[in-house]
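Colleague: Mind having a look at this structure? Questions to follow.
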Amino acid sequence: MKQTDPRIRDALIDAASAQNLSYVPYSGFKMGAAVVTDQNNVIQGAIVENVSLGLSMCAERAALFATVAQNAGKPEILALISRPTAGNLTWPCGACLQVALELGGKDLVVVVSDGSREESAKLGELASKLPYKG
Ligand SMILES: [Zn+2]
């Protein structure tokens with residue numbers, strides 16, 4: 001899969017739309033995600049914070065979990081949009097990579113963007129050190 005895959009552009013647009021729905025009264029760090037499946041379904045997710053920090057949920061996992069609940073197919077692309085972290089594009093956290101690996105496998109393409117620039121990598125390249133061997 002090349003970065004020119006038109007589904008990546010569409011996923012980034014949908015991730016940006018979801019980012020606007022972020023519930024982040026504590027951090028103000030808006031994050032939106034979109035998962036594209038092998039059935040070409042696009043499932044959006046937005047970060048949802050909670051006053052009890054551990055109950056917060058990442059945008060990426062919200063979208064990945066919804067692919068299961070909606071029987072939407074196997075995730076092939078995970079797009080994430082947020083502002084940069086310390087000048088670098090923000091990548092999914094380890095928990096989200098773990099879930100993505102189990103549901104999508106190591107060939108899932110992760111695309112991250114801050115709205116003006118983007119980077120991508122296959123999940124297997126990012127998650128090779130996680131305990132689950134997909
Ligand atoms: Zn996460």
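Colleague: For the stretch 76-92, state whether one or more residues are in contact with a strand residue (DSSP E or B) (Cβ under 9 Å, 6 or more places away or on another chain), farther than 21 Å from L12 by Cβ and of a type outside the set (G, A, S).
Modeller: No, because not a single residue in the stretch 76-92 is in contact with a strand residue (DSSP E or B) (Cβ under 9 Å, 6 or more places away or on another chain), farther than 21 Å from L12 by Cβ and of a type outside the set (G, A, S).
Colleague: Across the stretch 22-50, what is the total count of residues that are without any contact (Cβ under 8 Å) to a residue 40 or more places away in the chain, within 14 Å of L80 (Cβ to Cβ) and not β-branched (V, I, T)?
Modeller: 4
Colleague: Against the condition within 14 Å of the ligand (Cβ to nearest atom), buried (at least 16 other Cβ atoms within 10 Å of the Cβ) and closer than 15 Å to D14 by Cα, how does A34 come out, does it pass? Before you say what the answer is, go through the steps one by one.
Modeller: On the way: within 14 Å of the ligand (Cβ to nearest atom): no; buried (at least 16 other Cβ atoms within 10 Å of the Cβ): yes; closer than 15 Å to D14 by Cα: yes.
In short, no.
Colleague: Please go through (1) within 23 Å of S17 (Cβ to Cβ); (2) loosely packed, with under 13 Cβ neighbours inside 10 Å; (3) at pLDDT below 95 for K133 and return the number of the only condition it doesn't satisfy.
Modeller: The single condition K133 does not satisfy is (1).
Colleague: Could I ask something else about it? Considering (1) modelled with pLDDT of 95 or more; (2) more than 16 Å from the ligand (Cβ to nearest atom); (3) within 20 Å of P6 (Cα to Cα), say which one G115 fails and leave the rest.
Modeller: The single condition G115 does not satisfy is (1).
Colleague: Now a separate question. Being of a type outside the set (A, V, I, L, M), closer than 24 Å to S116 by Cβ and either within 9 Å of the ligand (Cβ to nearest atom) or surrounded by 17 or more Cβ atoms within 10 Å (Cβ to Cβ) (or both) is the filter here; which residues of the stretch 85-99 pass it?
Modeller: Going residue by residue through the stretch 85-99, those that are of a type outside the set (A, V, I, L, M) are 85, 87-88, 90-94, 96, 98.
Those left that are additionally closer than 24 Å to S116 by Cβ: 85, 87-88, 90-93, 96.
Residues satisfying the conditions are T90, W91, P92, C93, C96.
Colleague: If the Cβ limit is 9 Å and pairs must be 6+ apart or interchain, which residue in the stretch 51-73 that is touching a residue at least 40 places away in the same chain (Cβ under 8 Å) and more than 16 Å from the ligand (Cβ to nearest atom) pairs with which residue that is among the aliphatic types (A, V, I, L, M) and part of a helix (DSSP H, G or I)?
Modeller: Final answer for the pair search is none.
The values are calculated or read from the model by the stated rules, or taken from the named source; none is laboratory data. All figures in this text were calculated on a predicted structure; none of them were measured in a lab. Note that each Cβ is placed from the backbone with ideal geometry, even for glycine, and that neighbours are counted across all protein chains shown.
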